[in-house]
Amino acid sequence: MVNAYIGLGSNLDNPIGHVKQALEDLKQLPQSQLLLASKLYLSKPVGPQDQDNFVNAVALIITELEPLSLLDELQTIEQQHQRVRERHWGPRTLDLDLLLFGEQSIQHPRLTVPHAQLSRRDFVVGPLLELCPELVLPSGTQLQELLQQCPIDGLICIDA
Ligand code: ROI
């Protein structure tokens with residue numbers, strides 16, 4: 001069994017609804033259990049600014065799935081949400097990113113873990129810190145150290 005962290009993001013068609021439903025969907029993953037979900041956060045878009053703010057969250061699951069099987073499952077959930085990506089770094093209905101998979105570093109044409117942008121995105125670092133303040137990345141870097149290069153300034157928690 002491996003702990004895996006999944007980032008959720010949406011800024012189209014009722015983003016709060018998509019993220020909440022996706023958290024429910026994660027509860028149905030085979031050979032897996034949803035352990036923790038962060039609060040929902042409103043974040044300024046990274047990328048083109050002529051799009052709505054995003055709703056983001058992070059979930060922690062424990063899973064027996066192999067990383068690529070988990071990726072398949074996450075992509076199936078994205079499709080169930082009629083995933084729309086209008087353009088590169090543009091608005092999207094639902095993104096599910098595999099952020100961390102145990103201690104593993106994975107370089108595969110379909111999958112890079114830890115997620116390549118993890119340490120640069122406050123909408124990932126913030127919810128991860130909420131879930132697991134003591135987290136250490138496979139590189140040995142403490143999650144809290146990322147705050148120096150990635151200050152959490154644009155995140156608004158939108159649920160209690
Ligand atoms: N920006 C924010 N704030 N949140 C996201 O989830 C997100 N996802 C993306 C891009 C378009 C890069 N920007 C984002 O894929």
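The values are calculated or read from the model by the stated rules, or taken from the named source; none is laboratory data. What you see is a predicted model; the values in this text were computed from it and never measured. Using ideal geometry, Cβ is built from the backbone for each residue, glycine included, and neighbour counts are taken over all protein chains shown. Just the protein is used for accessible areas: all its heavy atoms, side chains included, with ligands, DNA and RNA removed. Shrake-Rupley method; radii C 1.70, N 1.55, O 1.52, S 1.80 Å.
Looking only at the range 36-52, which residues are of a type in the set (A, V, I, L, M), under 17 Å from LEU131 (Cα atoms) and open to solvent by 30 Å² or more (accessible area, probe 1.4 Å)? Before the answer, list the steps.
Taking the range 36-52 and keeping what is of a type in the set (A, V, I, L, M), we get 36-37, 40, 42, 46.
Still in the running and under 17 Å from LEU131 (Cα atoms): 36-37, 40, 42.
Of everything in the range 36-52, those that are of a type in the set (A, V, I, L, M), under 17 Å from LEU131 (Cα atoms) and open to solvent by 30 Å² or more (accessible area, probe 1.4 Å) turn out to be LEU36, ALA37, LEU42.
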Given the options LEU94, LEU23, name the one that is touching a residue at least 60 places away in the same chain (Cβ under 8 Å) and over 21 Å from PRO151 (Cα atoms).
LEU94
Write out, first by first residue and then by second, each pair whose Cβ atoms fall under 8 Å of each other, whose residues are 6+ apart or on separate chains, and whose first residue, in the range 112-129, is in contact (Cβ under 8 Å) with a residue 12 or more places away in the chain and farther than 23 Å from GLU66 by Cβ while the second is of a type in the set (D, E, K, R) and away from the ligand (no atom under 11 Å from the Cβ).
ASP122/ASP153; PRO127/LYS39
Applying the selection to the range 56-94, what residues are modelled with pLDDT of 95 or more and touching a Gly at 6+ places or on another chain (Cβ under 7 Å)?
ASN56, VAL58
Breaking point among (1) under 21 Å from GLY154 (Cα atoms); (2) outside any strand (DSSP E or B); (3) within 14 Å of the ligand (Cβ to nearest atom), for SER119
(3)
Among the residues of the range 14-35, count how many are open to solvent by 80 Å² or more (accessible area, probe 1.4 Å) and either under 21 Å from LEU71 (Cα atoms) or basic (Lys, Arg) (or both).
8
Just give me the residues in the range 131-160 being touching a Phe, Trp or Tyr at 6+ places or on another chain (Cβ under 9 Å) and in a helix (DSSP H, G or I), in sequence order.
LEU131
Could you run through the range 1-34 and say how many residues are among the acidic types (Asp, Glu) and modelled with pLDDT of 95 or more?
2
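Let's see how each residue does on (1) within 13 Å of the chain's Cα centre (by Cα); (2) crowded, with 19+ Cβ neighbours inside 10 Å:
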site: PHE54; (1), (2): yes, yes
site: HIS81; (1), (2): no, yes
site: ARG87; (1), (2): no, no
site: GLN104; (1), (2): no, no
site: HIS108; (1), (2): no, no
site: GLY126; (1), (2): yes, yes
site: GLU145; (1), (2): no, no
site: GLN148; (1), (2): no, no
Restricting to the range 72-83, name every residue that is more than 12 Å from the ligand (Cβ to nearest atom) and part of a loop (DSSP other than H, G, I, E, B).
HIS81, GLN82
